[in-house]
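For reference, the structure discussed in these notes is given below.
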Amino acid sequence: MSSFVDLHIHSNLSDGLHTPTDVLADVRRRELTAFAVTDHDTLAGYRAVRDLTNDSDPELVPGVELSVSGGEYDLHLLAYYLDPDYTPLLKILEDFCNHRNQRAGVIVERLNGLGVEITLDDVIRVAQAAAVGRPHIATAMHASGAVSSYQMAFDKYLGNGKPAYVPKKNFDPELAISLVHEAGGVVVLAHPAIEETFQHLEMLVGLGLDGIEVYHPSHKPKQVDQFKHLAERFRLIITGGSDSHGRAGRYGEIGSLSVSEDLMPALRQRARQRKERA
């Protein structure tokens with residue numbers, strides 16, 4: 001019998017819909033052998049799920065998904081097996097959270113100027129304990145009737161280059177990778193097919209990138225093969241996950257990608273190596 005893992009899951013402590021309790025219930029139902037809660041720029045989701053687990057549960061890998069910008073590009077890096085209490089990283093993540101809450105107010109003001117009648121309080125009610133991001137604003141817009149769908153909020157107002165778009169504060173790639181390594185963790189390029197961020201792979205490898213997310217719901221079979229070849233070429237570890245947000249049409253459900261646990265030994269070994277160097 002095959003055993004599976006899911007190393008890319010989001011909770012409602014970033015932009016997912018499922019609570020940590022719901023995430024863990026799905027993981028248990030799927031009978032995964034390992035999983036990672038990789039909320040955007042926060043370890044709150046990991047901590048919340050960790051506090052709910054018991055000795056009989058699958059392995060919970062410490063994880064976070066970091067937002068990175070450099071010049072004309074944006075990409076996401078997944079961090080695994082890092083120390084979740086590493087102070088230098090936590091201080092930056094706290095700063096990002098504060099900045100994004102302020103950014104939400106600016107976006108709401110722009111939307112109001114465009115005739116969209118929502119308030120910051122509407123958005124905060126959607127976000128609850130999470131740092132406010134565009135998905136929360138889009139949800140509030142849809143709930144108010146300002147747009148006919150969640151996706152339309154991005155297509156018409158919130159997407160890059162749209163009239164209410166405001167850039168968020170992101171990591172520089174070198175800083176992101178070095179901080180994760182200092183915290184004893186492993187860094188993986190997330191969903192490299194999206195916006196073709198695999199084009200930056202060689203640069204990231206030069207900065208110390210450890211792996212590439214080969215298995216992702218957005219990847220076609222040819223792309224999976226392409227990314228396997230790139231992993232071999234650059235001696236990268238391979239990871240994969242559903243990128244579950246609990247939202248219909250947004251990637252997969254928890255455990256739906258059937259990622260084999262066979263990739264875990266290489267990931268754990270690389271993490272041990274990073275901890276020895278940290």
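The values are calculated or read from the model by the stated rules, or taken from the named source; none is laboratory data. All of these numbers come straight from a predicted model, not from anything done at the bench. When we count neighbours, we look across all protein chains shown, and the Cβ atoms used for this are built from the backbone with ideal geometry, even at glycine. The protein model used for the area step is the full one, side chains on, heavy atoms only, and it has no ligands, DNA or RNA in it. Shrake-Rupley method; radii C 1.70, N 1.55, O 1.52, S 1.80 Å.
Within the range 74-92, the set of residues being touching a strand residue (DSSP E or B) at 6+ places or on another chain (Cβ under 8 Å), farther than 18 Å from Val61 by Cβ and not charged (D, E, K, R) comprises Leu75, Ile92.
Tell me, which residue of the range 1-59 that is free of Cβ contacts under 8 Å to residues at least 60 places away in the same chain and of a type in the set (A, V, I, L, M, F, W, C) is surrounded by the most Cβ atoms within 10 Å (Cβ to Cβ)? It comes out as Val37. Selection of the range 103-126 for residues being among the aliphatic types (A, V, I, L, M), in contact (Cβ under 8 Å) with a residue 40 or more places away in the chain, assigned to a helix (DSSP H, G or I) and open to solvent by 20 Å² or more (accessible area, probe 1.4 Å) yields only Val106.
For the range 160-181, the set of residues classified as open to solvent by 20 Å² or more (accessible area, probe 1.4 Å), outside any loop (DSSP other than H, G, I, E, B) and in contact with a helix residue (DSSP H, G or I) (Cβ under 7 Å, 6 or more places away or on another chain) consists of His181 only. I'd like to verify a number: residues in the range 127-159 that are touching a residue at least 12 places away in the same chain (Cβ under 8 Å) and open to solvent by 50 Å² or more (accessible area, probe 1.4 Å), how many? Of the residues in the range 127-159, 6 are touching a residue at least 12 places away in the same chain (Cβ under 8 Å) and open to solvent by 50 Å² or more (accessible area, probe 1.4 Å). If you go through the range 85-99 and keep only what is open to solvent by 20 Å² or more (accessible area, probe 1.4 Å) and either over 16 Å from the mean Cα position of the chain (by Cα) or modelled with pLDDT of 95 or more (or both), you end up with Asp85, Tyr86, Thr87, Pro88, Leu90, Lys91, Ile92, Glu94, Asp95, Asn98, His99.
Quick one: would you say Arg47 is farther than 20 Å from Ala190 by Cβ and basic (Lys, Arg)? Considered against the rule, which asks whether it is farther than 20 Å from Ala190 by Cβ and basic (Lys, Arg), Arg47 comes out as yes.
Give me the residue from the range 60-78 that is assigned to a loop (DSSP other than H, G, I, E, B) and modelled with pLDDT under 95 and, out of that set, least open to solvent (accessible area, probe 1.4 Å).
Gly71
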